[in-house]
Amino acid sequence: MELPPLEEVKEEYQRINVKFNFLEVYLPSTEHLIISKLFTTRQTEKDVEDILKSEILGKANIEKLKQLYEEYLLYTLFKKSRYNDLDSLLEKWERIQKGG
């Protein structure tokens, strides 16, 4: 995973309260989890399907997601030709929400 930067994910992650002796488990924010799927370098439709099938977009702050996506694009090489596109993802999600 190239983006988001681990330092930024750590700012918002939540620790899961499970009883392990030597292991702590953390979850990224909803928006960072989606971003990590969009910016995977394998750039497959599988990542988009994972996001859509999980219905995680319904729990995300879409404005924050858009802001993070645009910010992280600035740090990439080859911009949108290398990664899954947020606008395309949101269009697919809207079609699903409308029953199509």
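The values are calculated or read from the model by the stated rules, or taken from the named source; none is laboratory data. None of these values were measured; they are calculated from a predicted model. No Cβ is skipped: glycine too gets one built from the backbone with ideal geometry, and neighbour counts run over all protein chains shown. Remember, those area values only see protein heavy atoms, side chains included, never the ligands or the DNA or RNA. Shrake-Rupley method; radii C 1.70, N 1.55, O 1.52, S 1.80 Å.
Over 30 Å between Cα atoms: which of LYS64/LYS98; LYS19/LYS98; LYS10/LYS53; LYS19/LYS64; LYS10/LYS59 fall into that group? Intermediate results must be reported in sequence, preceding the final value.
Numbers: LYS64/LYS98 23 Å; LYS19/LYS98 42 Å; LYS10/LYS53 26 Å; LYS19/LYS64 32 Å; LYS10/LYS59 19 Å.
The pairs that break the limit, which is 30 Å between Cα atoms, are LYS19/LYS98; LYS19/LYS64.
Carbon and sulfur together cover what percent of the accessible area of the chain at a 1.4 Å probe radius? Can you show the working numbers first?
Values: 3570 of 6930 Å².
C and S fraction of accessible area: 52 percent.
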Notebook entry, point to check: With the other protein chains left in place, how much accessible area per residue, in square angstrom, belongs to region 4-68 at a 1.4 angstrom probe?
Noted result: 68 Å²
Item checked: Relative contact order, percent, the chain [alpha-carbon distance under 8 Å, six or more residues apart] -> 27 percent
Check: Check ASP85: other-chain or 5+ apart residues with amide H under 5 Å from its amide H, H built from backbone geometry?
Finding: none
Note to self: Loop by DSSP (not H, G, I, E, B), at most 13 other beta-carbon atoms within 10 Å: where is the longest site-free stretch of the chain for trypsin sites (Lys or Arg not before Pro)?
What the structure shows: 43-97
Next item on the list: Show that you can apply the helix-only estimate: for the chain, add -39,500 (n - 2.57) for every DSSP H stretch of four or more residues, divide by all residues, and state [θ] at 222 nm to the nearest 500.
Entry: -15000 deg cm²/dmol
